[in-house]
Every structure is written in structure tokens, then in C-alpha cells.
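Chemist: Structure provided below as C-alpha cells; questions to follow.
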Amino acid sequence: MKQEDKMWETSNLSLSAEEQKELAKRIICFLSQYRYLSESYIIEFFTEDLWHKLPISWQSVLQHLTYPQIAELLLDAGHGHRRYPHVWPLSLLAFRASAHSLAFPRSSRRSPSCTDGPAKPKEFQENLNQSSLLAHAFRKHVKPKKQHEIHELGMLVKELCEWTECNRVVDVGSGQGHLTRFLSFGLGLSVTAIEADPALVAMATKFDEQLLCALDKERRKKQKCSSDPPSSESCPRHVTGWVDPKASWESFMQQLGTGHAVGEGPFSPHNKRLRCPEAAVREGDVWENLVLTGLHACGDLSPTLLRHFVKCPHVRAITSVACCYMKLTTKEQPFPPGVLGLSPPNPEPCDFGYPMSAHVRGLAGHQLPYKAREAACHAMEDYVERLREESPLLRTHCYRAALEVFITDSRPDLRRAGIQTVKKAHLLTFNEYARLGLARVGLPPSLPLDEDRLEAMLAQQGRVVVVFSLALLLAPVVETLVLLDRIIYLQENGVRSQLIPLFDPNFSPRNFVLVARKIPE
């Protein structure tokens, strides 16, 4: 088997171009039938009477389910032998089966997930907080989830560099530089990292210095002699800059070459021993054979990198791990909440984060409202485990939905007011929770609450969980459509791509990586 084939072998997705387009059409048709679920806000369970929007036949069989039964009968795609307490209507069975079959499989072949409960990847069996696949120096300041991700993605990027004979990697949205350091110091790649937040860039530079010192100490301990600074090829370069989704690839390349680099190199100017000025890219340099990567590139950043990959002749390959689908721009919502509004007054249809492909853009009903995209970021595996354990955390949805009733009764203009997460809300009584929540929206914490009405609402906690679970079942389908749109976009531009569930989904909910490379002519 060829080395390249081994990488594509790790994917669960192997569809032809026509099958991809047909799947997109089927998903859009399916989601169109259940918009009342995918676009519903669980906090409006009582104010919008979401329970009675369900078919009556569904209500009768779902209202008495226990939490473990919800997990087993609705959300668990792999459970083979189900025991139903009641006969389910065919429409509900079809809904569940369609939702599971239309979504891309999330199980990772590199790190098979456990269907009997949450299980960290094998690399954490000896120590729950330290990956056995990463050296100690690369685990410092890095949480277990991120350790898993940077190792898996780093090894994949390394393979892509070898197959494409690329000599540079650009890590976009690099944050504190955890992936950058592993790619550079751990795998010996030439890396430029670009990050919009100067504070994160400064932190990344500080961590670089600490890591290099740690590696020097390890080398001296092993060799029992003083070590020279590492070669310039293994030193990362950090650039502070925001990647404008509306800018051209030429502007992006210029930004990499002439952007503000920390200390004119990878390290701060006060530490001359650690500086590697040879690694800096000077104005006028020609970059060739690039690999772009982005670990959980937020919102429009992922589509932007894919467009640069397609259009820029210097970029040979890309790995894209997306997140924050609710921050994608669309024609219907060009300025989603939390997104800097710098779009042109009359953007072209292809300028938006979704849809990217002409095929999906031409399908009737392809629109994905904010709520549907926001739900696609939820962690299915985590919620299934809460149901199986009958976790007290499950009561928080009912608390917030009940509080919405009292908020809107007092101030209708505060509908869907954001009160943020109330810490340990599941350990509070509702009255304690309400006092904290009301104060956050500017209402008197002592707002009188109708106790009889409150008791009736809290008694429906099971129904609230059922409706949330039904909507959650659609989340992977929405994510599949967003990712499928990107695959089709690449196909339309003559680029072969593959979607790999690289991370363990029990550990890393956004576990898909879109991999593409250009075939030399």
C-alpha cells in the first residue's frame, strides 16, 4: 500500500462527487422538514410551548422516557438491540434513522471511541492528564484535550509536508502556539504562526523560550556537554495579524511576509541567544510549497483558508479543523453575533462563509439559520453520557427555560437575554438560580415568582430534556452539511479532498479535519 493511501485509509468518508452532491440535497430536504426543532431555542420551551409542537404520536411515547432511555433509544447510533417501553410511531423511527444515517460517522479509526461510556484515548491510560505520545516539554501549559489534538494533527501535517515536498507550514489562528511548537521543535518543520491577539502572541513567544530552555537542558543531560542553539529551520516565527476574510490571497501572503513579527524573529529581542533572525521572512521573499493548517479556526476563518488554498499557487496542501459554525457569515446574516463587521456593502454570494459551493448555493432551502449552526457545535457524546449517568446537570435547561418565562413576563423586550452560565447552577435551588440570573439582565433579584406556576414548569424537566435531545440529534447533520459544502467547493475547483475524523469524539467534539492537496500538473 502506498504511503499516501494510508492517510486516506483513516477516513470514514469515501463518496464520489455525485454522491456528495446527492447527500447535500438529501440533508437539506431532511432539515427542511424539522426546522421547528433545529431552529428552536430550548430556553423558550415554555414561552413558545415547544412540547406541543411535536407530533402528538411522538409526545405520547417520549414523555415517559428515562434519561438513559433517551440516550439509548434516540441519540446512540451504534446500539444494536433496543428495548422500547412503548411502540414508537414510524415517523419517529424514520426521523431517528435518517438523522443518524445522514451525518458523517464521527468515530476515529486512529483512536476508536468507546460506546459504553466516555473514554480518553489510549495515550492517557497511564496518566489521565498527560499524553504518552508527547514529550514532557510539549505538554507544559497544555490541557489533555489539546495535547491529543496537537499530536494527531501535527503528525498529519508532517505527512502532508513529506508527500507534497513542502518546506514551510503556516499555522493560522495559532493562539498560544501549542501546535506551532510541536510542528517546529518537535517535528522539525519551518513554521510561521499568525494570530490576531497580541497578548496570545506574546504568550506564545514566552512559551517558546521556556520550551527551548527545557529542550536544551534535556540535551545537555543526555550528551553531558553544552549544546548549541537549534538550527534556524526548527524555530517558529510569530506574526501578529488578523486574517481578513475579504482580502485577497496576495494580501494574505504579504501579511505573512511583512506583518509585525515578534522580536524580528521567533523570540523576544532581550534574549539574543534564542533569536533566529534567519527564519524571518523578509519583504519580497517568494514563498513556495506551503502547507496551511488551522486547529479549530473560528467562523469564517476556515472558509477563508480554503479559498486561499484554492487560489494561491504557493499553497500546496491544507488541513482545516473548524469550529464556531454560528459565526459563519451568510447572505441572510452577514454580521453574526460576535463577528467584526467588515464585509463590503454588496458582497458577492461566494464571499460568505456558508455556503461556499455553487452546488449547495443553488439548492432550495439550503439556508442554515444562526440557531441551527450554533447547535452544530454542541458535544453529542458528552450529553449522551450525562443522560446515562442521570446527571443533575440536566436540570439547568429547565431552570433557564422557567426563568425565561418570568423575565419575558416582566420585560418582553428582554426575550432571549444572555445571562451567561451560572456556575454550579445544578446545585442551586431555582430561587437561588433566579436571583443570580435576574440580576444579570437588570431585573430585581427579588422579583416575585408564582410558586405554583414554577412547580408546574419544573415538573416538566423530562420533557425539556427530550426536546433538547431531539434538536441535538440534528446537530451532526447540520455540521455534515457545512463540511460537505466545503468538500464540494474544493471539488468544483478541481481539488481532491478528504474528511477524516482524526480526534477521539468523546474527547474532542469538533473532531473532523478536512485534508486537501493539489496534484502537480
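Chemist: Amide H to amide H, which residues 5 or more places from HIS296 or on other chains are under 5 Å from it, using H placed in the peptide plane?
Modeler: Placed amide hydrogens put VAL321, ALA322 under 5 Å from HIS296.
Chemist: Still on this model: Using amide H atoms built in the peptide plane, which far-off residues or other-chain residues are under 5 Å from ARG237 H to H?
Modeler: Those qualifying (amide H under 5 Å, at least 5 residues apart or on another chain) are VAL191, THR192, ALA193.
Chemist: Something else about it: Could you derive backbone 3J(HN,Hα) for the range 312-318 from the dihedral phi with the Karplus parameters 6.51, -1.76 and 1.60 (θ = phi - 60°), listing whole Hz in sequence and x where the residue is Gly or Pro?
Modeler: With coefficients 6.51, -1.76 and 1.60, one gets 7, x, 7, 8, 9, 8, 8 Hz.
Chemist: Determine the share of the range 11-98's accessible area contributed by carbon and sulfur atoms, expressed in whole percent, with a 1.4 angstrom probe.
Modeler: Heavy-atom surface of the range 11-98 belonging to carbon and sulfur, 1.4 Å probe: 54 percent.
Chemist: Applying a 10 Å radius around every beta-carbon, put 315-325, 289-299, 40-50 in order of their mean neighbour count, most first. Don't jump to the answer; show the numbers that get you there.
Modeler: Numbers: 315-325: 24.5, 289-299: 23.0, 40-50: 19.0.
Listed from highest to lowest mean packing, they are 315-325, 289-299, 40-50.
Chemist: Which translational diffusion coefficient, to the nearest whole µm²/s, is obtained for the range 374-430 from the Stokes-Einstein equation, given a Kirkwood hydrodynamic radius over C-alpha pairs, 37 °C and 0.692 mPa s?
Modeler: On the way: Rh = 13.0 Å.
It comes out at roughly 252 µm²/s.
Chemist: Counting just the Cα atoms, what span does the range 294-423 cover along each of its three principal axes? Round to the nearest Å and put the largest first.
Modeler: Principal extents (Cα only, largest first): 55, 37, 29 Å.
Chemist: Post the alpha-carbon centroid distance, the range 410-436 to the range 81-102, in whole angstrom.
Modeler: Distance between centres, Cα-based: 34 Å.
Chemist: ³J(HN,Hα) across the range 81-86 via Karplus (A = 6.51, B = -1.76, C = 1.60, θ = phi - 60°), whole Hz, x for Gly/Pro?
Modeler: 10, 9, 10, 8, x, 9
Chemist: Please work out the average accessible area per residue across the range 35-84, using the 1.4 Å probe convention, and give it in Å².
Modeler: Working: 2440 Å² over 50 residues.
Averaged over the residues of the range 35-84, the accessible area is 49 Å².
Chemist: Could you tell me the calculated FRET efficiency between VAL87 and LYS246, based on Cβ-Cβ distance and R0 = 60 angstrom, to the nearest 0.05? Don't skip to the answer; put the middle values down first.
Modeler: Values: r = 55 Å, r/R0 = 0.91.
Working from the Cβ atoms, E equals 0.65.
Chemist: Please grab the % of Cα pairs in the range 423-469 that end up more than 11 Å from each other. Intermediate results must be reported in sequence, preceding the final value.
Modeler: On the way: 785 of 1081 pairs.
Pairs farther apart than 11 Å: 73 percent.
Chemist: How do HIS52, HIS314 stack up against each other in accessible area, from largest to smallest, with a 1.4 angstrom probe? Don't jump to the answer; show the numbers that get you there.
Modeler: Details: HIS52 115, HIS314 45 Å².
Highest to lowest solvent-accessible surface, that is HIS52, HIS314.
Chemist: Going down the table (LYS21/LYS331; LYS246/LYS311; LYS158/LYS222; LYS122/LYS146; LYS143/LYS222), which pairs top 18 Å between alpha carbons?
Modeler: Working: LYS21/LYS331 21 Å; LYS246/LYS311 13 Å; LYS158/LYS222 26 Å; LYS122/LYS146 15 Å; LYS143/LYS222 28 Å.
Correct reply: LYS21/LYS331; LYS158/LYS222; LYS143/LYS222.
Chemist: To the nearest 0.05, how large is the calculated FRET efficiency for LYS222 and ALA202 if R₀ is 22 Å and r is the Cβ-Cβ distance? Intermediate results must be reported in sequence, preceding the final value.
Modeler: Values: r = 31 Å, r/R0 = 1.41.
For R0 = 22 Å, the calculated efficiency reads 0.10.
Chemist: In Å², and per residue, what accessible area does the range 372-519 have when probed at 1.4 Å with the other protein chains present? Could you put the intermediate results ahead of the total?
Modeler: Values: 5790 Å² over 148 residues.
Result: 39 Å² per residue.
Chemist: When you take every Cα atom in the range 415-518, what is the radius of gyration, and what is Dmax, the widest Cα pair distance, in Å?
Modeler: That works out to 21.7, 65 Å for Rg and Dmax.
The values are calculated or read from the model by the stated rules, or taken from the named source; none is laboratory data. For clarity, every value in this text was computed on a predicted model and none was experimentally measured. Every residue, glycine as well, gets a Cβ built from its backbone with ideal geometry; the counts of neighbours run over all protein chains shown. We work out accessible area using only protein heavy atoms, side chains counted, and drop any ligands, DNA or RNA first. Shrake-Rupley method; radii C 1.70, N 1.55, O 1.52, S 1.80 Å.
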